[in-house]
Every structure is written in structure tokens, then in C-alpha cells.
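Before any comments, here is the structure.
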């Protein structure tokens, strides 16, 4: 009994498909890192393009590619997400002979042990992102690694207004000049909230990016990182840290860019960077957000360039 | 051509079904209130029970009931959600002759104009909930009205710890006793965040509940309501209000109960109340929550009763 | 420097809190089972009650309990979710001396290797649920294990209507009686769709439930299980299996109950069972659902009982 | 008391921000159309860019722009979403003097009355999308209108395999040649499922696009539209329609493109089109999807062009 190949049927008059594939496939993996095993439940999207004359993509091959690549890339001693997505992209092209473009995107919850301000061992939750794209004949696929970290943002604007209002109030109730001085010695209340910031890099040349380091960069440019366990002293320390570094979403995006550039002079100019920061405003029902997409090269040309290109 | 009735087929040996019906049906309605029209996109779940000997519920009748009830209850001069859900529950029983129980739950975004602290007209977003349940022969269905409002909660614990730490810091850096006094005259920083609180009432006797009033009750027991537009002075006022009324989730739940009891002595003892408050902690990645379910009667017996029943 | 205990503050006139705690905390664990390691990213809710005279629950203790219990219950040779949730419930009561009730709920994606109809090794995605509740002095907490499996449901009603319509069409176009007979020899088209069914058991006495077996029970009572990879022959086999066993959501719920009762005569009568089946209707924009909650004892009294209790 | 302007503070060395603004603001509107009022609960994102030397965007202005534009564009006799988003984009640029780029995206549930196959008046649920982007000095903003419609997709591949398998089965059980012929006269079973397809157009020149017509185009290229109420005959008719037009996601995307081109020769070549079709596979736990983004001009050059550009 021979079964018909409907997808392979040819069309004499048709349109190309930009991307066709499988979305939302989940798969657990353990990546063996020196000193620890990393557990990830990957959510995976894979896709290829389709020429005008081919009716359908063979969908089962997409899943076969994922399974083969996981077997080959993960669970070994030096497994990595980058290796996984590179293999998937290359194997997609090989398995779909009619395609000239292949892409994969993966996403997973990611966990790290940390030491809290009151010296407790805590486990913090992040999101890790990775992806690869390639065109037939391109050589090595372009690779992407990204992270999402949540932490605290405290508003610089409200803090200064509050300081002005408090000074005014104290003055009216007869405070002395010496007492008023206290307001400039301490952080005063402002609205603070959960902030979710994503940082990702995409590159084509040979290089290494460590997701843990991207998380460190994001966390140190928020008003403060957050912790699952905080006893009283730790809680006060996080609150005070955050109020001593109030940050707009714009500040967070710019400080992260600055941090990447100054700590990573070795990264090539053609690396694509994307930073997006979202504050779930505690004084509004909506969110505030800011984002920057650029190449490291463009950013390195510095603020002079930035201003110039901006005007036009 | 006669079409077979598969659902109506009888089963000689089977099990009752607790609830069977339709979920997630969306429907836009306009309720005409004195002075304003209220637009709601309802998400509706309807269900009945099924006796052991009936194979299937006739699903299309569930949707017909919804449509008929909307036509009858909404769009008239004195339309109301309570009227809608009551009609749906009664009509479900009538249309499914084999059922002895019927239930409907609806949910919708809800908007109200307010005046912000800096005297601007703003439109704030809430969620409105309603439902009805009835059993054959029960008479009037029991009705439920609820609201979800988001606002700000500021942590009372972190504020006092921060005050202690700031006092200690100032003392070490040589502040005078007079200067230290300032710390007791002003609110100091604490973590604050988006809080989502739900309040609902369910009753069987004849009575009226106004969703707007439930929203007012929730909002005045948060650390502060929030507003879509806040210019600088308004922002400072919301931040200071919140810091002058720091509230745990437990405080919010209890203060709302207290508020309902003291402002609504006319509500019968058998009214069911549910209050649930969730703070999206700005110092953690997880949420804190508290909830109380009770009857007004049980709550009115007061704290003596509360303590007694608790011990056993 | 002594820090104030705001939560521990007493209230002379207040209300009990039904449940207070932490929601949505995520934690990765590896459970070592004979022959395989199970990776789970748990989403955890923990809560206790609060007496009227205690202002707040100590939230950091909730997270400490989770961490301690994971260390004690997981990662050992015979770790299990039941052991984890039992320990969490008991430790919550011990850590919150003022509480008389404690509860924990966990949820995680869960994966199993299977063999597809065309003999391929595939990895299928389910959801595993577990929970525990206990009151001070109760002895052993009540435990819950549940699973959610998605598969295919094919509608029995539409299939018979379609058969009638096709017969009518064929007759009109001059088909012979012999040809018309074919319609009774083959399954004909009907609408089929993704169905998500949850089965959970909760018990207090000493007993064992295996999540894998609950998944097997759900899957064999759907129209057909589904598979991540299906080559042509496998795809036809799944489609034909499903069309040879068309199932309403009501059928799925009842057949699962029947299956549990007949394959598990050893389970005690006081075990609580909950079955909920949702079909994401391919001919509608809304979902159809059915559910039954009961004790095994009540179900065992059989259909006579069912009918009797139903009438009243 | 003068309040400080922290956002307006200048930075001497910094980076541009690509987009900064407000996300997820909800707002109810009623659009008066000839013969009917359209109720929409809009979810709105607005954003501008920010030069390197400006510290922050004035977030409250974003919301003021939304409110002003709704008052000006909606509720009048000829209100429209396109008018709303155009006004918002232009007003964003005017209100943020430092910005050179502005963008708005809106999304809402959308409902239409239809007549079901069994001649009932039903209300069907869609999603409507709109957006506008503009740069300082650009003149008229570019506008986008899109729709998402869900309906049924039936798999052409599984249907042919099933036909082959059924023929084989019948042959083995001694069916006559005449009987086997029946298999070519009727549609046979295949997997079918909920399909969600999005079609959007973006343009810069003067033109009109009607969302209702985009919905019609999507629905007539699915295997079948779906309906909230279907009595038996209507249900059979939808099932048979879908099985007489089995469609891969790739087919849906291509047929929609073909439909737009052939029914809208008047649309300019520089109109951007995006079509994305997602089938929530009833035989898998993951989704299948296909998408095409292009200009109408590129598509009109036809399949010759398509094939040529593909090869390179």
C-alpha cells in the first residue's frame, strides 16, 4: 500500500512562504556544566522557508530535527544551548532540501543559586532565550543568547518631588534648618515596582557569551536585584539599595548598554544588541517600557554619532 | 431526512455529570445606566448537571440561552448584570429539562471615570464579575457580584526596619537628637507594588449591590488607589498617601471586611463574602496573597467568636 | 540594633484570615525514579491560616519551608512529589506556630517517552499536579496527585449526522444499495479537536498513586492520544482510531471514572476523585467541558444510587 | 513650591532610546458606523524615540495623547480606528518635542453578526488590530489594519492517507469494485482543528481598508468558518464543507494572498501585507504555522518572480 505525498505535490502558480514550521513544542533537557547540572524545559519554535512550487513543508521532519539535535548537543559533558540551536538550524536546512532559510527560537525558565544580602543561599528565577538563523550557503548560522531578569526599579522623578513636598511640609510645621538638612542625607519614599528587563546579543563570528554574565549585567543596572528570601535586615538593605539608585526604564536600558560596552571590549562591532526594560508601575495600571536595538559598533561610535544620526 | 439525536440517547448504567456546558464564550453588551452607558465584553461560562441516564447535554442550547437572555436583560433602560445572570440560570434549567442544577459565571473589563489627585479626569480599569446558581425548585437563584481593583500596597514591616536602619546610620554619622526626630515625622522608604484585590458578595434574598461601591471599598483600603495620569504633584501625593498607610495583604483583607460590615449593616447575615488580595512583591519574584471567605453573620459575631472558633 | 517585628504585632479586635502565603514560586527539581530521572520545574503555592489576633504571616518562612522540604524530599534515591508536599504541609504548621491549617499546591510540565503508532520513540508533554492539606492535630496530611493530558476528541453526534447526509447525497446521485452499505462499514468525517482532560485523586489513608498510570487512564479514554511525530501511516492510524471511538466530553469523564473503578478496586471509598474534560471545539470559537467530583465510595454505589440521589 | 523636572534633565554622554512609552493601557470606545455601533475595549501601546541627550520621556503625556485622540476621533458619526491611530501618532510627535519617531499599536476583541448555515443569527468573535507610525517631517503616518479570525482547518494529507487505508481495508474484507468507488465520491475522515489566521495590511498612501472585508477574506480561505450555534444540520454542513476543502496552513496563507490580489487590484504596490496562519493540531500537542510578509507589488510580479528570487 503506497501512501500519497500531498505536501510534496508541486504547484505551477503560487507564492513563497516566508516561514513555516512548528511552534510551542516543549522538551526537557539537562545541560552539564562544570560543577552543576542545568535543568531547562525548552519551549521551541522551528521554521524554514518554502519555495513557490512546493505545496507543503514536511512537519514531522521539524520535530525529528529537534530530537536528533537534542540527542547530539545536550547531555554530553560540554553541552550548550548555542550548540543545540546551531545544530537545529543546520539540520533543518539539510532535512528540508527545498528550503533556503532555517530558524529556531528556544525559551526556558532558568534558575541560579545566589547569596542574599542577609547571607542566605537562595534560588532565583530568570528566563533564558536562544536562537539561530541560517541561509543555504551562509556557512555558520548567526546565534543569539538572551536573558530576562526581574528586579526592582524605583522612580527618580517621584523621589525628588516627594523630597520637595516633605521639605515644604516640615518647614510649615516649624522644623529647623538643621532638621531640614536630614532630607538631603537620606533616601525618601518613591514608587518602586517589579521591573522585567531583557538583554540579548546576536552574532555571526566565532565568540562566546555566558548567560550568567548577561544576568549579572542586567541585575546590577536595576535599582536592585530581588531575592526569594529576605529576613528583616536583608529586606531593609534591598529597599535602601534601590532607593539609593532610582532608575527610569530609560536609565536601565542605557546603563546596560554602557556596561556591555565597557566590560566587553572584545566583542565584535557587528554584534546585534537588544535591551528592553518594562516597569510594572505601582502607581498606574499600565506598564512603562523602553528599548534599544543596535549594533555594538554603532554604539561605540559614541554619543557624538548618536546625536548626529538622531537629528536626521 | 431525519437526523439522529445522539446526546438524547439513554444509558442504562452510568454516572452523573456534576457540570457540563460551554466555556469562554465572548459577547459585547451595553448596559444603560442613569447618566451613562456601560460597555462590557463579557466572557461567559454556562453549565448544568446531567443525570446518569442522559448521554449528552445539548450544547447549542447553552448558547441559545445566552443570546435570549442578553436580548431580554441588556440594552433596555434598566439593564443590569444581575438581571442577566439570573435569567441565564433560570433559562438554562428550562431549556435542559433533564438538569436539576444550572450555573453561569461572567467576567469583563470595567471602566470608571475618576478625578485624579491633581484634578484630572481619568479613566480607570477594573474587572467586574457576576454569577448565578440555581437548583430546580429553589425559587430565586443565588446571585453574585464581585470586583477586582488594582492599586498600590506599601509594606509596613520594611518601612519600620528601614526607619531603624536610617536612624542608626544618621546616629553614626553624628546627627543630633533633634535631627533624628525627623525620622518620626516623615514616612521613610519601603517596598511598594501593584496589588490586585477581589471582593465579591453572593446572596439569595432580595437585595441590591452596586459594583461601583464595591470598587470604592476596595480602593480605600489599599495603601493607595492608582491613576492612569499623574503629573508631578499628583504622583507625590499618591506616593505619600501610600507610605502613610502601609498595608500587608492581611491588613487589606481585614480592613475591607470591616468596611463592608460598618457601611452595610442592612446586608443579611447569610450573604457570602470573599476577599482576596495579591501583592506582586517588588522585592521578590513571587506574589504574596491573603484571602477570607465567610458569611457576614459569622463575621458580625465579632472577634470574640473569631478567636474562639479558631482555637478549635 | 534591634529590628521591629511588625507581623508579630497583636490585634485586639480583628478577623481570621482563611489562607495567607506565597504564590507562583518556581523551583527546578530532579526526582530519581528507578530507571530514569524526572525533571520538573515546579510552580508552588503555600499558605496557612491566621488567627484574628495575629497581624501578619511571616512570609519568608513560607519560602524557607519550601527550600528545606525540597532538600529533604527530592534528589534522594526514592524522592517523590507526594513526599515533598507532605513535608511542606507539615513544616508549614511547625514553622507558623500560630496557624492551625496549612496547604500546598504544586504544578509542573511533565514528559514521558512513548512509542508512536509508527513505532518511533517520542516524548509527550503532560502536566502533573500535587498538593497536601493538613490541620493541627490531624495526623497525616491529605494528599493529592493529578495529571492533565491533551489528546483528540471526535464528535459522535456530527459523525452520525454526516453519515445520514452522505447517505442521502449518494442515494440522490444514484448509488446502489450495495454502495450505500459502505457508509456503515467505515467511519465518516466529524469535527475533532484538541481535548484537555484532568484527573486527580485526593486521599487521607495510606495508599500509592502513580501519575503515569493516571495519564494512561486519561489517554485510553480519549478518542485518541496524540504524538509529537507521526509519519503518514501513523497519522492515518491516529485519525482512524479517533473516528472509531468518537467521544463527547461527558463520555470521556464517565469512561475515566469507570476505568478508575474497575482497574483500582483496592482504592478506599473515601478517596476524592475529580475529572474535568475540555474540548477546544473545532466548529466553535468557545470550548465544551464536563466535570465530575465525587468520592469513589459514592460512585461505587452505582448507577442506581446515582439516579436516586439525582432526582432529589 | 517648584517641583524638579528629572526627565527633562540633560545627559552629556549617552545613547539614544529606540522606543519608550506606555504598554497595555485599556480603554473602551464605541465607534458609530452606518447602521450599527461597534464596541471595542482597546489595548493600547504608544511609544516615541528619545535622543541621547534627554534623560526621560514624560510618561503622563503618552496617556494624555491617548485620551485627547479618543475624544477627537471616536464617538463622532464617522469615527474610525484608522483616524484614531493617525491622530495618536501625530499628537505623540507634537507632545514630545524631542522625539522624531512615534508609534501606536491597538488591539481589541471584535464581534460581528452572521447567519449560520442553519439560518440562525449568531454573533462571532474576532480580533481587530490597528497601528500607525510616523517620523518627524514624514507627512501622513503609515497606517495598519489587521484582523485575526479563527475557523477550522482540515488536513489534506491525512485525508488522502486515510482514503488509501480505508480502500485497502475494504478490499481485504471483500468489498466489490463498485463499493470501493464510493471512497472517491465522499470526503473521508482527517484531523481537523481550530485554526487562527491573521491578515494585516500597512500603507502610506491615501486608501481605505475595511476590517470586515479582511475577515471575509480570511474566513473564505479556511477549510470552514465556525459558528457559535450549530444545530445538527448546520453542524454536518460545516464538517462537510471543511472536509471538501482540506487546507494546510501553507494553503491558507497562499489562498488569502491570491484572494487579496484578485479582489483588490486597486491597492497600491507598496502596501505591506502579512498573513500568518496557526493550526492548533488535533493530532499533536504543538501548533503548525506558516506566514508570508511581502509587498503587494512583489506578489504581483507573480510566481515567475517568486521562483527566481527564491533560488538565489
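FYI, it's all coordinate maths here, none of it is from the lab. As the structure is a prediction and not an experimental result, all values here were calculated from the model. Virtual Cβ from ideal backbone geometry, glycine too; neighbours counted across all protein chains shown.
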- [ ] Report relative contact order for the range C:1-146 in percent, whole number only (criteria: Cα-Cα under 8 Å, sequence separation at least 6).
- [x] 21 percent
Task: Diffusion coefficient, µm² s⁻¹, Stokes-Einstein with Kirkwood Rh over alpha-carbon pairs of the range D:217-265 at 4 °C and 1.567 mPa s - done: 110 µm²/s
Open item on the list: With just the Cα atoms defining each centre, how far is the range C:36-66 from the range C:115-167? Give it in Å.
Closed with: 28 Å
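Sequence gap at least 6, Cα distance under 8 Å: using those rules, report the relative contact order of the range C:247-291 to the nearest whole percent. The partial results should precede the final answer.
Working: 38 pairs, mean separation 20.4, N = 45.
For the range C:247-291, the relative contact order is 45 percent.
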Open item on the list: I'm checking a number: the convex hull volume of the Cα atoms of chain A, normalised per residue, in Å³. What is it?
Closed with: 208 Å³
- [ ] Fewest Cβ neighbours within 10 Å first, please rank A:111, C:248 accordingly.
- [x] A:111, C:248
Open item on the list: Taking just the alpha carbons, could you work out the radius of gyration and Dmax for the range A:15-62, both in angstroms?
Closed with: 16.0, 51
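Taking each pair of distinct Cα atoms in the range A:125-170 once, what is the resulting Kirkwood hydrodynamic radius in Å? All intermediate terms of the calculation are to be shown ahead of the outcome.
On the way: mean 1/r = 0.0657 Å⁻¹.
Hydrodynamic radius (Kirkwood, Cα only) of the range A:125-170 equals 15.2 Å.
What FRET efficiency would be calculated for the residue pair residue B:119, residue D:293, taking the C-beta separation as r and a Förster radius of 45 Å, to the nearest 0.05? Walk me through the intermediate numbers first.
Values: r = 47 Å, r/R0 = 1.04.
FRET efficiency, residue B:119 to residue D:293: 0.45.
On a full-extension model of 0.36 nm per residue, what is the gain between residue B:176 and residue B:37, subtracting their alpha-carbon distance, rounded to one decimal in nm? It would help to have the intermediate numbers written out before the result.
Details: separation 139, 0.36 × 139 = 50.04 nm, distance 6.01 nm.
The span from residue B:176 to residue B:37 would gain 44.0 nm if fully extended.
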- [ ] Output the Cα-based Rg and Dmax of the range D:195-312 in Å, rounding Rg to one decimal and Dmax to a whole number.
- [x] 16.1, 52
Open item on the list: Quick check: the angle from helix A:232-244's long axis to the longest principal axis of chain A, C-alpha only, nearest 10 degrees?
Closed with: 90 degrees
Open item on the list: I need to check one value: relative contact order of chain B, counting alpha carbon pairs closer than 8 Å and at least 6 residues apart, in percent.
Closed with: 13 percent
Task: Dimensions in Å of the range B:186-230 - Rg and Dmax from alpha carbons - done: 15.0, 48
Open item on the list: What whole-number distance in Å separates the alpha-carbon centres of the range C:174-234 and the range D:212-284?
Closed with: 28 Å
Open item on the list: For q values of 0.05 Å⁻¹, compute log₁₀ I(q)/I(0) with the Debye formula on a Cα-only model of the protein assembly as shown, without solvent.
Closed with: -0.37
Task: Axis-nearest residue of C (beta carbon) for the C-onto-B rotation, whole Å - done: C:293, 9
Open item on the list: For chain B, take the longest principal axis of its alpha carbons; what is the angle in degrees between that and the long axis of helix B:81-95, to the nearest 10 within 0 to 90?
Closed with: 30 degrees
Open item on the list: Taking each residue in D:119-128, count the Cβ atoms of any other chain within 10 Å of its Cβ, then average. What number comes out?
Closed with: 3
TODO: As a check on your grasp of the helix formula, calculate [θ] at 222 nm for chain C: sum -39500 (n - 2.57) over DSSP H runs of n ≥ 4, divide by the residue count, round to the nearest 500.
DONE: -10500 deg cm²/dmol
Open item on the list: Using a 10 Å cut-off around each Cβ of peptide C:46-58, what is the average number of partner chain Cβ atoms that fall inside?
Closed with: 4
Task: Rough spin-label spacing in nm, given labels placed 7 Å along Cα→Cβ, for residue C:270 and residue A:98 - done: 6.4 nm
- [ ] One decimal, nm, shortest first: give the distances between the label point of residue B:301 and those of the same position in the other copies, each label point 7 Å from Cα along Cα→Cβ.
- [x] 2.9, 7.7, 8.2
Open item on the list: Regarding the range D:25-130, what's the average projected area of the Cα-atom convex hull, expressed in nm²?
Closed with: 7.4 nm²
Open item on the list: One quarter of the convex hull surface, Cα atoms only: what value does that give for the range B:139-212 in nm²?
Closed with: 7.4 nm²
TODO: Taking all pairs of distinct Cα atoms, average 1/r, flip it, and tell me the Kirkwood hydrodynamic radius of the range A:153-262 in Å to one decimal place.
DONE: 16.3 Å
Task: Ascending count of other beta-carbon atoms within 10 Å, so fewest first, for B:240, D:11 - done: D:11, B:240
- [ ] Compute the acute angle (0 to 90°) between the alpha-carbon long axis of helix A:249-263 and the principal axis of greatest extent of the alpha-carbon atoms of chain A; round to the nearest 10°.
- [x] 70 degrees
- [ ] Distances from residue D:178 to the same position in the other copies: list them in nm, one decimal, shortest first, using label points 7 Å from Cα along Cα→Cβ.
- [x] 0.4, 11.7, 11.7
Task: At 7 Å out from Cα toward Cβ: residue A:8 inter-copy label distances (nm, ascending) - done: 5.0, 7.1, 7.6
Task: Amide N of the range C:75-103 lying under 16 Å from the label point, which is placed 7 angstrom from the Cα of residue C:30 along Cα→Cβ - done: C:75-80
Task: Per-residue mean of C-beta atoms belonging to partner chains within 10 Å, peptide B:212-222 - done: 0
